[in-house]
């Protein structure tokens, strides 16, 4: 029973309530760090870590935290984990830390994290909260990887820095720049949502 | 009610104490590593502006080895200057010194290298700033910094460089500014000229004195 519950949470995070293409959250970083897959990988790991850990901490403290100051507590927790990630990147992956620039610090303001703390971890026990954080983080990561794959593939002709297209390939420079990210993300949301058209029509009142 | 408020304050205080303690511990633990990374980064930049950078895929140890052989740092009146030597490690080829000043949004840090006669620019780099990405942030891009390479250092009205509207720079002491980043361009022009004036005077005095 516990397992099926975990599975439900994972399906929700990855698909049914995917933070990026369902809730349109975390778009800022989704656009900013997706021009190279290696950056995306590190960013995704960071977000998954911060999400799971903040969810766990918020959930552990859920019965003691006075509701009046819960937002303050959540921000404190999230910020602490993000700073820890930032320090670790600076110490062990300085090149990537530089490439990601301010976007690691900006994980603090990523709505996905506060959204999950507020919407899930605050009212659920620790284990499901960790699973939820992990699932939502992966849901975010999957979309980022999709965007990054096409941007790097078309923009540089490489995948994870390895050349896969012939040298005479004309690079789609626009894919590396910000507009490329907008096109890709919009395209992905469009494709994914047209799969779910029927489901949407049943609940038209919501939109 | 009072009790609740008091609890909130004490709770928040303790939680903050715990998390700041945790973050400080992680920071202290990794401080040395971060410092080392920044040290290597600075060495790379100095070698780069002096035109001595090896291939991009050499190890950090190799960078340090080249740096120790070809660069000597010294302090002149509280200012740090790096002397760059040829591959043999004895003939002086130029000087590198830091650029620093207010940008449009925050401080800008850079490095510049001039030849041993203080007549030409070897190279220039900006490595830390808070300018708008895609606008002022483009000061780090190759096309912008490449413009300075080989330029002669002849002051006109105590200024070495003028940043002109993009595409209109023609004279020896003019370079293209950045479109959409007038504030940053002006700030960079100002910090470049003031740093150059200060360090070149210092270097000239020092060179004639020895």
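The values are calculated or read from the model by the stated rules, or taken from the named source; none is laboratory data. The structure displayed is predicted, hence computed values, not measured ones. With ideal geometry, Cβ positions are generated from the backbone for all residues, glycine too; neighbour counts draw on all protein chains shown.
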Worksheet item: Counting just the residues of the range A:30-40 that are more than 11 Å from chain B (Cβ to nearest Cβ) and part of a helix (DSSP H, G or I), which one comes out farthest from residue B:20 (Cα to Cα)?
Response: A:37
Fill in: Residues satisfying the stated conditions in the range A:168-196, i.e. surrounded by fewer than 16 Cβ atoms within 10 Å (Cβ to Cβ) and outside any helix (DSSP H, G or I)
A:168, A:169, A:170, A:171, A:177, A:196
Worksheet item: Do we find that residue A:147 is touching a helix residue (DSSP H, G or I) at 6+ places or on another chain (Cβ under 6 Å), touching a residue at least 24 places away in the same chain (Cβ under 8 Å) and within 12 Å of another protein chain (Cβ to nearest Cβ) in this structure?
Response: no
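Given the options B:200, B:135, B:118, name the one that is within 14 Å of chain A (Cβ to nearest Cβ) and surrounded by fewer than 19 Cβ atoms within 10 Å (Cβ to Cβ). Lay out the reasoning, then the answer.
On the way: B:200 fails: within 14 Å of chain A (Cβ to nearest Cβ); B:118 fails: within 14 Å of chain A (Cβ to nearest Cβ).
Being within 14 Å of chain A (Cβ to nearest Cβ) and surrounded by fewer than 19 Cβ atoms within 10 Å (Cβ to Cβ) holds for just one of B:200, B:135, B:118, which is B:135.
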Item to complete: Please specify each residue of the range A:48-64 satisfying the condition of being surrounded by fewer than 20 Cβ atoms within 10 Å (Cβ to Cβ) and under 30 Å from residue B:2 (Cβ atoms).
Response: A:60, A:61, A:62, A:63, A:64
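What about residue A:75, is it surrounded by fewer than 18 Cβ atoms within 10 Å (Cβ to Cβ) and not in a helix (DSSP H, G or I)? So that I can check it myself, show each step before the final result.
Details: surrounded by fewer than 18 Cβ atoms within 10 Å (Cβ to Cβ): yes; not in a helix (DSSP H, G or I): no.
Taking the combined requirement at face value, the residue does not satisfy it.
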Worksheet item: Can you tell me which of A:53, A:43 is closer than 17 Å to residue B:16 by Cα and more than 10 Å from chain B (Cβ to nearest Cβ)?
Response: A:53
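Considering only residues that are part of a loop (DSSP other than H, G, I, E, B) and in contact with a strand residue (DSSP E or B) (Cβ under 8 Å, 6 or more places away or on another chain), which ones fall in the range B:128-164? Show your work before the answer.
Of all residues in the range B:128-164, those part of a loop (DSSP other than H, G, I, E, B) come to B:129-135, B:141, B:147-151, B:153-155, B:157-158, B:160-161.
The answer is B:129, B:130, B:131, B:147, B:148, B:149, B:150, B:151, B:153, B:161.
Yes/no per residue for (1) within 14 Å of chain A (Cβ to nearest Cβ); (2) in contact (Cβ under 8 Å) with a residue 12 or more places away in the chain; (3) in contact with a helix residue (DSSP H, G or I) (Cβ under 6 Å, 6 or more places away or on another chain):
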{"site": "B:6", "(1), (2), (3)": "yes, no, no"}
{"site": "B:20", "(1), (2), (3)": "yes, no, no"}
{"site": "B:35", "(1), (2), (3)": "yes, no, no"}
{"site": "B:45", "(1), (2), (3)": "yes, yes, no"}
{"site": "B:49", "(1), (2), (3)": "no, yes, no"}
{"site": "B:88", "(1), (2), (3)": "no, no, no"}
{"site": "B:92", "(1), (2), (3)": "no, yes, no"}
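Looking for whichever is closer than 21 Å to residue B:9 by Cβ, part of a helix (DSSP H, G or I) and either within 8 Å of another protein chain (Cβ to nearest Cβ) or modelled with pLDDT of 95 or more (or both) here; the options are A:83, A:69, A:87. Which one fits?
On the way: A:83 fails: closer than 21 Å to residue B:9 by Cβ; A:87 fails: closer than 21 Å to residue B:9 by Cβ.
That would be A:69, the only listed residue that is closer than 21 Å to residue B:9 by Cβ, part of a helix (DSSP H, G or I) and either within 8 Å of another protein chain (Cβ to nearest Cβ) or modelled with pLDDT of 95 or more (or both).
Considering the range B:106-121 alone, what residues qualify as being farther than 16 Å from residue B:43 by Cα and in contact (Cβ under 8 Å) with a residue 40 or more places away in the chain?
We begin by selecting, within the range B:106-121, every residue farther than 16 Å from residue B:43 by Cα; these are B:106-108, B:114-121.
Matches in the range B:106-121: B:108, B:114, B:118.
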Worksheet, complete the sentence: Of the residues in the range B:35-82, those that are at positive phi and out of contact with any strand residue (DSSP E or B) (no Cβ under 6 Å at 6 or more places or on another chain) come to B:77, B:78
Worksheet item: Do we have any residue at all in the range B:150-169 that's within 19 Å of the chain's Cα centre (by Cα), loosely packed, with under 13 Cβ neighbours inside 10 Å, at pLDDT 85 or above and farther than 19 Å from residue B:131 by Cα?
Response: yes
Fill in: Unique residue being at positive phi and either away from chain B (no Cβ under 14 Å) or modelled with pLDDT of 90 or more (or both) when the list is A:115, A:26, A:101, A:13
A:26
Worksheet, complete the sentence: Of the residues in the range B:170-198 that are in a loop (DSSP other than H, G, I, E, B) and in contact with a strand residue (DSSP E or B) (Cβ under 9 Å, 6 or more places away or on another chain), the one that is modelled with the highest pLDDT is B:177
Discussion item. Can you pull out every residue in the range B:107-138 that is modelled with pLDDT under 90 and within 19 Å of residue B:194 (Cβ to Cβ)?
Written reply: B:118, B:127, B:128, B:129, B:131, B:136
Response to the item:
Within the range A:7-26, residues part of a helix (DSSP H, G or I) and buried (at least 17 other Cβ atoms within 10 Å of the Cβ) come out as A:9, A:10, A:12, A:13, A:14
